[in-house]
Amino acid sequence: SAVISQKPSRDICQRGTSLTIQCQVDSQVTMMFWYRQQPGQSLTLIATANQGSEATYESGFVIDKFPISRPNLTFSTLTVSNMSPEDSSIYLCSVRWGQAYEQYFGPGTRLTVT
Amino acid sequence: AQSVSQHNHHVILSEAASLELGCNYSYGGTVNLFWYVQYPGQHLQLLLKYFSGDPLVKGIKGFEAEFIKSKFSFNLRKPSVQWSDTAEYFCAVNYGGSQGNLIFGKGTKLSVKP
């Protein structure tokens, strides 16, 4: 399996500001994903980020709010823009690996917006 | 719409009790099925997976799950739980193979009393 790291692990941000979350993988992977896990909730897919193409966003998520970069096969960033308290959540990076299309997850970034 | 249902929100067991967590998914053709576990303060880990072959799959830490295609179910079982199994368990389904994404259930919190 791949080893995934995320920075920062947590942050407290003010309303109206932006935060960029980094995701680093120890192996080259084609498909990377960004999820949100709100308090007490399950995981919701924000977008799929493939290297060399624009990210594909799920319903309810837009590029202006959650711009994503995928400059190479081991790295991606997610920016949470113009934050509001409703954006307080854990943001998770994930990669697909293996013949069953299983996904592995990073440790997450816990974001609190005040 | 494709969906995954986990019937139990919170399960409380004593050590050595048997465990069965339910997971049902909506019809969507060929599926790959997963259980993930999130221990307190830790990131999401893959517990086991099914994509073909024997419908009874064994995972780490003594867990197993049975895929029953006619019931659209993939229940997680363990004959004898330990206090260290206290965690949140998520069922997830990949509907589209290489082009699909994981859809998660809402999760089941398991508390094991010593």
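The values are calculated or read from the model by the stated rules, or taken from the named source; none is laboratory data. Computed from a predicted model, the values in this text were never measured in an experiment. Methodologically, a virtual Cβ is constructed for each residue, glycine included, from the backbone with ideal geometry; neighbour enumeration extends over all protein chains shown. Ligands, DNA and RNA are stripped out before the accessible areas are found, and what is left, the full protein with its side chains, is counted by its heavy atoms. Shrake-Rupley method; radii C 1.70, N 1.55, O 1.52, S 1.80 Å.
Overview of results
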{"quantity": "Shape category assigned to the stretch A:21-114 from the gyration tensor of Cα positions, a/c cut at 1.5", "calculated": "prolate"}
{"quantity": "Label-point gap, in nm, between B:TRP83 and B:ILE68 - each point 7 angstrom along Cα→Cβ", "calculated": "3.4 nm"}
{"quantity": "Listing of the stretch B:32-60 residues, each with accessible area lower by at least 50 Å² in the full protein assembly than in the chain alone (probe 1.4 Å)", "calculated": "B:HIS43, B:LEU44, B:PHE51"}
{"quantity": "Average other protein chain Cβ within 10 Å of Cβ, residues A:98-108", "calculated": "6"}
{"quantity": "Theoretical FRET efficiency, 1/(1+(r/R0)^6), r = Cβ-Cβ of A:THR30 and B:SER3, R0 22 Å, to 0.05", "calculated": "0.25"}
{"quantity": "Pairs beyond 20 Å (Cα-Cα), from B:LYS58/B:LYS106; B:LYS58/B:LYS113; B:LYS69/B:LYS109; B:LYS49/B:LYS69; A:LYS7/B:LYS49", "calculated": "B:LYS58/B:LYS106; B:LYS58/B:LYS113; B:LYS69/B:LYS109; A:LYS7/B:LYS49"}
{"quantity": "Listed peptides B:75-87, A:5-17 by packing density, highest first (mean Cβ within 10 Å)", "calculated": "B:75-87, A:5-17"}
{"quantity": "Per residue, in Å², the accessible surface of the stretch A:14-114 once ligands and nucleic acids are set aside, probe 1.4 Å", "calculated": "44 Å²"}
{"quantity": "Where B meets A: accessible area buried, both sides, 1.4 Å probe, Å²", "calculated": "1600 Å²"}
{"quantity": "Where labels lie 7 Å past Cα in the beta-carbon direction, separation of A:GLN41 and A:ARG15 in nm", "calculated": "1.9 nm"}
{"quantity": "Inter-probe distance in nm under a simple model that places probes 7 Å from Cα toward Cβ, at A:GLN51 and B:HIS43", "calculated": "1.8 nm"}
{"quantity": "Carbon + sulfur, % of accessible area of the protein assembly as shown - ligands and nucleic acids excluded, 1.4 Å", "calculated": "49 percent"}
{"quantity": "Percent of beta bridges antiparallel (DSSP, chain B, rounded to nearest 5)", "calculated": "85 percent"}
{"quantity": "Amide H contacts under 5 Å for A:ILE4, placed H, 5+ residues apart", "calculated": "none"}
{"quantity": "10 Å Cβ neighbours from other chains, averaged over peptide B:83-92", "calculated": "1"}
{"quantity": "Isolated Cys in the protein assembly as shown, by beta carbon distance under 4.7 Å", "calculated": "A:CYS13"}
